[in-house]
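Here's the structure we're looking at; comments come further down.
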Amino acid sequence: MRRKDYRIYRMSWRDRLLWFFSTLIITGLISWLFYRSLSGLAAMLPLLFLTRRIFRNYLHAKQKREMLCQFGEMLQIMSSSLKAGYSMENAFLQSWEEYAKLYGQKSLMAQEFRNIIYQMKLNEPLEQLVEDFALRSGIEEISSFSQVFSFAKRGGGDMRKIFQDTVEKIRQKSDVEREITTVVTAKKMEQRIMDLVPFGILFYVGATSPEFLAPLYGNALGACIMTICLLVYAGAFLLAEKILDIHV
């Protein structure tokens, strides 16, 4: 059975359609405001490759956050199963059934743990399966759990405590991320408004006093000036996004 590598994000057809049409609308709007020509739109089409990477990275980061959250919930259920007296292998099976009922069999963790249980029934070592999943996940917390889990499984250890410590670590990270999000939300809103200001000014002036912008359209010098302005805006936009992109 093929095991999915979560370190590489592959966009679905819905993701591709959303990316393509949203980028096409944005590039069309920018080309109209800055160039007012089809050649300007054609010149901006290479942005499709850049926006595809940005959009994919955003979806990948979102998937990793969801996976880590679901992993913590699964460990919490497994900890309760171990406390009830189940063996480690039976705790995996019992926890998967309970998790699938709560969150659906199509959730990431339900699918992964179903594969682990399937491989476990084929006599593959449980610690090896968990280690393989940790490697494919590309998430630091899951990798750390895998290392401790493998050592405790082979040498003996308090599995329930290991699960609880991992859940607590994940919860602390989520709390820190939530606090950071709360703090920077207002700044991000201000930044979004500032991002739209240049477009709003161009649209307003172009609609109310088109003669002021007329010399910038339809000639090489005007196109160069507009291109420089657009590059400065793009640099400021990327710098602001990098400042507000805080990782834990």
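Mind listing the long-range amide H neighbours of Ile139? Cut-off is under 5 Å, sequence gap 5 or more, other chains count too, H placed in the peptide plane at 1.01 Å from N.
Here the answer is none, since no amide H 5 or more places off falls under 5 Å of that of Ile139.
Give me the mean projected area, in nm² to one decimal, of the convex hull enclosing the Cα positions of segment 71-223.
Over every viewing direction, the Cα hull of segment 71-223 projects on average to 15.5 nm².
Mind jotting down the three principal axis lengths of segment 185-248 based on Cα atoms? Whole angstrom, largest first.
Its Cα atoms span 49, 24, 9 Å along the three principal axes.
Excluding same-chain pairs closer than 8 in sequence, count the lysine pairs in the chain whose Cα atoms lie under 20 Å apart.
Close lysine pairs found across the chain: 22.
Normalising by the residue count of segment 30-134, find the relative contact order in percent from Cα pairs under 8 Å and 6+ residues apart.
16
Kindly write out, for segment 19-28 in residue order, the coupling ³J(HN,Hα) from the Karplus curve 6.51 cos²θ - 1.76 cosθ + 1.60 (θ = phi - 60°), rounded to whole Hz, with x marking Gly and Pro.
4, 5, 6, 5, 5, 5, 5, 5, 5, x
Using only Cα atoms, tell me the angle between helix 220-244 and the longest principal axis of the chain; keep it within 0 to 90° and round to the nearest 10.
Orientation of helix 220-244: about 30 degrees from the principal axis.
Would you mind counting up the charge near Phe92? Only other residues with Cβ under 15 Å from its Cβ, with Lys and Arg at +1 and Asp and Glu at -1.
Neighbour charge sum, excluding Phe92 itself: -4.
Write down the Kirkwood hydrodynamic radius of segment 3-119, to one decimal in angstroms, obtained as one divided by the mean of 1/r over all alpha carbon pairs.
This gives a value of 17.3 Å.
Tell me, in nm to one decimal, what length is gained between Lys106 and Ala207 on full extension, where the rule is 0.36 nm per residue of separation less the Cα-Cα distance?
Contour length minus the Cα-Cα distance gives 31.4 nm.
Taking 8 Å as the Cα distance limit and 6 or more residues as the minimum spacing, I'd like the relative contact order of segment 149-248 as a percentage.
Once divided by the residue count of segment 149-248, the mean separation gives 28 percent.
For segment 105-191, treating each Cα as an identical point scatterer without solvent, what Debye log10 I(q)/I(0) comes out at q = 0.13, 0.15, 0.19 1/Å?
The calculated log intensity ratios at q = 0.13, 0.15, 0.19 Å⁻¹ are -0.56, -0.69, -0.95.
If you line up the Cα atoms of segment 138-248 on their principal axes, what length do they span on each, largest first, in Å?
80, 28, 17
Report the one residue of Phe34, Tyr9, Ser80 whose Cα lies farthest in the direction of the positive end of the charge dipole of segment 1-94 (charges on C-beta: Lys and Arg +1, Asp and Glu -1; origin at the Cα centre).
The listed residue farthest towards the positive side: Phe34.
According to the Cα gyration tensor, what semi-axes, each the square root of 5 times an eigenvalue, does the equivalent ellipsoid of segment 58-110 have, listed from largest to smallest in whole Å?
The three semi-axes for segment 58-110 are 23, 11, 7 Å.
Please give me, ordered by residue number, the trypsin sites (Lys or Arg not before Pro) of segment 62-131 that lie in loop per DSSP and have at most 14 other Cβ atoms within 10 Å.
The qualifying sites are Lys106.
³J(HN,Hα) across segment 43-52 via Karplus (A = 6.51, B = -1.76, C = 1.60, θ = phi - 60°), whole Hz, x for Gly/Pro?
Rounded to whole hertz, the list is 5, 8, 4, x, 4, 4, 5, 5, 5, 4.
Using just the helices of the chain, give the 222 nm mean residue ellipticity in deg cm²/dmol: DSSP H runs with n ≥ 4 each add -39,500 (n - 2.57), and the total is spread over all residues, rounded to 500.
-28000 deg cm²/dmol
Where the centre of each part is set by its Cα atoms, how far does segment 24-59 sit from segment 179-212, in angstrom?
18
What is the pair-distance distribution P(r) of segment 55-146, computed from all Cα-Cα distances in 10 Å bins starting at 0, with each bin given as a whole percent?
16, 49, 29, 5, 0
No lab work stands behind these numbers, since they all come straight from the coordinates. Source: prediction; values computed, not measured. We place every Cβ from the backbone using ideal geometry, glycine too, and count neighbours over all the protein chains shown.
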